[in-house]
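K.L.:
To start, I am sharing the structure in question, which I have written as structure tokens.
The values are calculated or read from the model by the stated rules, or taken from the named source; none is laboratory data. As the structure is a prediction and not an experimental result, all values here were calculated from the model. Here the Cβ positions follow ideal geometry from the backbone for every residue, glycine too, while neighbour counts run over all protein chains shown.
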Amino acid sequence: MSANLEKALHNKPAVEVKNKKESRVYNYFANLFRSWTGTLGFIIIIGLLFISIFGPWITPHDPLYADFSKKLLPPMTDGHLLGTDQLGRDILSRMIVGARVSVIIGVLTVVIAGTFGTIVGIISGYFRGWIDVVLMRIVDVQLSFPFILLVLVINAIIGGGLRNIIISLAIGGWVIFARMIRSEVLALREKEFITACVATGVSRFEILFRHILPNLFTPLIILASLQIGTFIIAEASVSFLGFGVQPPEPAWGNMLNEGKDYIFSSWWLITFPGIAIIIAALGVNLFGDWLRDTLDPELKGD
Amino acid sequence: MLDFIIKRLLQVILVVFLALTAVFFLIRLSGDPTALFLPPDAPREQIEEYRELLGFNRPMHEQYTDFMANAVQGDFGQSLRSQEDALQLVIDRLPATFQLAITALILSLVIAIPLGVLSAYKRNSIFDRIGVGITVLGQAVPNFWLGLILIFFFAAQLKILPTGGGGTWVHLILPTITLATYSIARFTRFTRSSMLDILRKDYIRTAKASGVPTIPLVSRYALKNSLIPIITLVALDLGTLLGGAVITEVVFAWPGIGRLLMQSLMNRDFPIVLAAVFIIALIYAIINFIADILYAYVNPQIRVK
């Protein structure tokens, strides 16, 4: 007993700290793997990232190479695992390259919309006054128009392409972040530690950057992870309608748009890209749900 | 209460006004559409003449005030293609969109509320797992893709339902299922979570302890009280339904506002786009308005605020 105590007392603090850090990461993973839905989401996300980073090197065929003698081949023929499209291009290869488009759009849109929304939310919630009234009125107005229609109308007017679809989605998506961050900031302002800061004369900007901003990280990460799925589906919808990402650049949405004309003869054109969208959205949503349950247990059971 | 209603009514007007303003400037800044209606080698004078005719050569603020002055009177100009009254074209399409949206709404409520209640009452049972599974999966399936798959099975393979078009109730089946799926997922989630909240309440435990049978317990005590948040959330979600209706209409060639809006965006027929935006914003604002009033009516705390 006393030997153990002595041992414990002699443990160097530095080692302790290191162990603690390791065990925190370990805890997160242990927690993740206890939830099979979270694990599934995590695996899908890792797979999606892998495919979108190494996509161009792992495609079995050139995704843009058209060979009319091989058009509309069913799956598992002639070395085309998922068949070919109306121009004889390999569907699997196009889906692999399309994954990158979805990931880039999902991530970049969340970063842009999240950053802008956070700035607006902080200004609104922290400084209050007339600026809060004006900003929140803008948010209200925008929220009173269906998100997908807003993105569609903006994108149709400013034109397609990767850059413009990201801009359209970000314009459509920032308001959710602004509203959420504002309410978080409003709640934080009322907390005792902020009152203590004000009482001890900490400057407004120090309170904002050192005490409020770090506390916004968790809700922001949760919302961002859940929004990525929404953005991926919205992009696919807009590209399916003929706007958004333009052919010949492959995106899951525009592959479905091209495939819909062959629905009577070639089921594989419309099947596989749709499944890819579902898997991607499911993965991101499952991981987001797990993240929310873990980081913010109060919301659990929603 | 009257104050609240007036305030919210003013907000409806503001919302519609700002939505129109934003789309108007977005359209004008993206260039004028005259080039699309004339051959590429049209002489300069002809282009100028056309611009003059449609008023695209005048200063922006003048065009804007003119547009607004006319819009207030319900005049959105004529379609650039068919020369018909833009607003009338949109209004003509309204019944078809309503028909689709309302059947989908009814279908999703009929499925989602019992499923959500069962899921909450028998928590962690097989019903709950099915309910949660539908919720998670339903939110990951893009509705246009579901539409395509339904067309493939029921129209292309089984040949028992039409691929698209409007008119009879047979045409309504596939679009309704397509549109309702996402709402079923959302509404099941709402119902489940608000039922879970209520079932945790003390009075439910008391009722249970004093021997109230299961069915009255759930229907009379629990569901009745959780209907308030459910109605509110459903009303607030109708915008998503409306947005989904647009995409569903395109997939099934359903002759509603959504399809008209899509075609006009493709053709850059902007008077129709503006008229459609006006109608959609107006409907959506009115739905939100009614939801708010309903909510304020059942929850007096809101009224005071």
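K.L.:
How many residues, within segment A:188-241, are without any contact (Cβ under 8 Å) to a residue 12 or more places away in the chain and under 20 Å from the mean Cα position of the chain (by Cα)?
P.N.:
Number of matching residues: 1.
K.L.:
I'm trying to understand the selection: among the residues of segment A:157-168, which are part of a helix (DSSP H, G or I) and either surrounded by fewer than 24 Cβ atoms within 10 Å (Cβ to Cβ) or more than 14 Å from chain B (Cβ to nearest Cβ) (or both)? Give the derivation first.
P.N.:
At the first step, the residues of segment A:157-168 found to be part of a helix (DSSP H, G or I) are A:157-158, A:162-168.
Across segment A:157-168, the qualifying residues are A:ILE157, A:ILE158, A:LEU162, A:ARG163, A:ASN164, A:ILE165, A:ILE166, A:ILE167.
K.L.:
Let me ask something else. Would you say A:SER203 is hydroxyl-bearing (Ser, Thr, Tyr) and more than 22 Å from A:ASP289 (Cβ to Cβ)?
P.N.:
Numbers: hydroxyl-bearing (Ser, Thr, Tyr): yes; more than 22 Å from A:ASP289 (Cβ to Cβ): yes.
So A:SER203 fits the description; yes.
K.L.:
Which residue, of A:VAL202, A:VAL198, is assigned to a helix (DSSP H, G or I) and farther than 19 Å from A:LEU143 by Cβ? Walk me through it before giving the result.
P.N.:
On the way: A:VAL202 fails: assigned to a helix (DSSP H, G or I).
Checking each option against the conditions leaves just A:VAL198.
K.L.:
Also, I was wondering about something else. If I ask for residues that are away from every other protein chain (no Cβ under 11 Å), among the aromatic types (Phe, Trp, Tyr) and surrounded by 21 or more Cβ atoms within 10 Å (Cβ to Cβ), which ones from segment B:151-187 would you list?
P.N.:
Of everything in segment B:151-187, just one residue is away from every other protein chain (no Cβ under 11 Å), among the aromatic types (Phe, Trp, Tyr) and surrounded by 21 or more Cβ atoms within 10 Å (Cβ to Cβ), namely B:PHE187.
K.L.:
Which residue is nearest to the chain's Cα centre (by Cα), if the candidates are limited to segment B:151-185 and must be within 14 Å of A:PHE264 (Cβ to Cβ) and assigned to a helix (DSSP H, G or I)?
P.N.:
Only one residue tops the list, namely B:ILE151.
K.L.:
Something else about it: Looking at this structure, is B:PRO271 assigned by TED's automatic domain parsing to the domain that holds B:THR178 and either over 20 Å from B:ASP92 (Cα atoms) or not polar (S, T, N, Q) (or both)? Explain how you work it out, then say what you get.
P.N.:
Values: assigned by TED's automatic domain parsing to the domain that holds B:THR178: no; either over 20 Å from B:ASP92 (Cα atoms) or not polar (S, T, N, Q) (or both): yes.
In short, no.
K.L.:
Mind listing whichever residues of segment A:249-272 are within 23 Å of the chain's Cα centre (by Cα) and among the aliphatic types (A, V, I, L, M)?
P.N.:
Hits for segment A:249-272 are A:ALA251, A:MET255, A:LEU256.
K.L.:
Test B:VAL117 against the criterion of being in a helix (DSSP H, G or I) and among the hydrophobic types (A, V, I, L, M, F, W, C), and give yes or no. Steps first, answer last, please.
P.N.:
On the way: in a helix (DSSP H, G or I): yes; among the hydrophobic types (A, V, I, L, M, F, W, C): yes.
Criteria met by B:VAL117.
K.L.:
Collect the residues in segment B:197-210 that are over 38 Å from the mean Cα position of the chain (by Cα) and either part of a helix (DSSP H, G or I) or buried (at least 16 other Cβ atoms within 10 Å of the Cβ) (or both), keeping them in residue-number order.
P.N.:
Taking segment B:197-210 first, the residues over 38 Å from the mean Cα position of the chain (by Cα) are B:205-210.
Across segment B:197-210, the qualifying residues are B:ARG205, B:THR206, B:ALA207, B:LYS208, B:ALA209.
K.L.:
So, of the residues in segment B:118-133 that are of a type outside the set (Gly, Ala, Ser) and more than 13 Å from chain A (Cβ to nearest Cβ), which turns out to be surrounded by the fewest Cβ atoms within 10 Å (Cβ to Cβ)?
P.N.:
We begin by selecting, within segment B:118-133, every residue of a type outside the set (Gly, Ala, Ser); these are B:118, B:121-124, B:126-130, B:132.
Pick out the ones that are also more than 13 Å from chain A (Cβ to nearest Cβ) and you get B:118, B:121-122, B:126-127, B:130.
Working: B:LEU118: 20, B:TYR121: 19, B:LYS122: 13, B:ILE126: 8, B:PHE127: 17, B:ILE130: 14.
Here the answer is B:ILE126.
K.L.:
Conditions: (1) at the interface with chain B (Cβ under 8 Å from one of its Cβ atoms); (2) free of Cβ contacts under 8 Å to residues at least 24 places away in the same chain; (3) under 21 Å from the mean Cα position of the chain (by Cα); (4) under 29 Å from A:THR39 (Cα atoms). A:ILE275 meets all but one. Number of the miss?
P.N.:
Of (1) at the interface with chain B (Cβ under 8 Å from one of its Cβ atoms); (2) free of Cβ contacts under 8 Å to residues at least 24 places away in the same chain; (3) under 21 Å from the mean Cα position of the chain (by Cα); (4) under 29 Å from A:THR39 (Cα atoms), only one is false for A:ILE275: (1).
K.L.:
Among the residues of segment A:247-262, write down those that are part of a loop (DSSP other than H, G, I, E, B), in contact with a Leu (Cβ under 9 Å, 6 or more places away or on another chain) and surrounded by fewer than 21 Cβ atoms within 10 Å (Cβ to Cβ). So that I can check it myself, show each step before the final result.
P.N.:
First, pick out the residues of segment A:247-262 that are part of a loop (DSSP other than H, G, I, E, B): A:247-251.
Next, only the ones that are in contact with a Leu (Cβ under 9 Å, 6 or more places away or on another chain) stay: A:248-251.
Once the filter is applied, which keeps residues that are part of a loop (DSSP other than H, G, I, E, B), in contact with a Leu (Cβ under 9 Å, 6 or more places away or on another chain) and surrounded by fewer than 21 Cβ atoms within 10 Å (Cβ to Cβ), segment A:247-262 yields A:PRO248, A:GLU249.
K.L.:
Quick check on my filter: what residues within segment B:40-96 are among the basic types (Lys, Arg) and part of a helix (DSSP H, G or I)? It would help to see each step written out before you state the result.
P.N.:
So the first thing to find is which residues in segment B:40-96 are among the basic types (Lys, Arg), and the list is B:44, B:51, B:58, B:81, B:93.
Matches in segment B:40-96: B:ARG44, B:ARG51, B:ARG93.
K.L.:
Name the one entry in A:ILE158, A:ILE131, A:ILE165 that is among the aliphatic types (A, V, I, L, M) and touching a Gly at 6+ places or on another chain (Cβ under 7 Å). Give the derivation first.
P.N.:
Values: A:ILE158 fails: touching a Gly at 6+ places or on another chain (Cβ under 7 Å); A:ILE131 fails: touching a Gly at 6+ places or on another chain (Cβ under 7 Å).
Just a single option satisfies the conditions, and that option is A:ILE165.
K.L.:
What are the residues in segment B:76-111 that are of a type in the set (Asp, Glu) and in the same structural domain as B:VAL250 (by TED's automatic domain parsing), if any?
P.N.:
Residues of segment B:76-111 of a type in the set (Asp, Glu): B:84-85, B:92.
Within segment B:76-111, none qualify.
K.L.:
Quick one: which of B:LEU100, B:LEU148, B:LEU105, B:LEU115 is within 14 Å of chain A (Cβ to nearest Cβ) and either at pLDDT below 90 or within 30 Å of A:PHE231 (Cβ to Cβ) (or both)? Let's see the steps before the verdict.
P.N.:
Details: B:LEU100 fails: within 14 Å of chain A (Cβ to nearest Cβ); B:LEU105 fails: within 14 Å of chain A (Cβ to nearest Cβ); B:LEU115 fails: within 14 Å of chain A (Cβ to nearest Cβ).
Answer to the check: B:LEU148.
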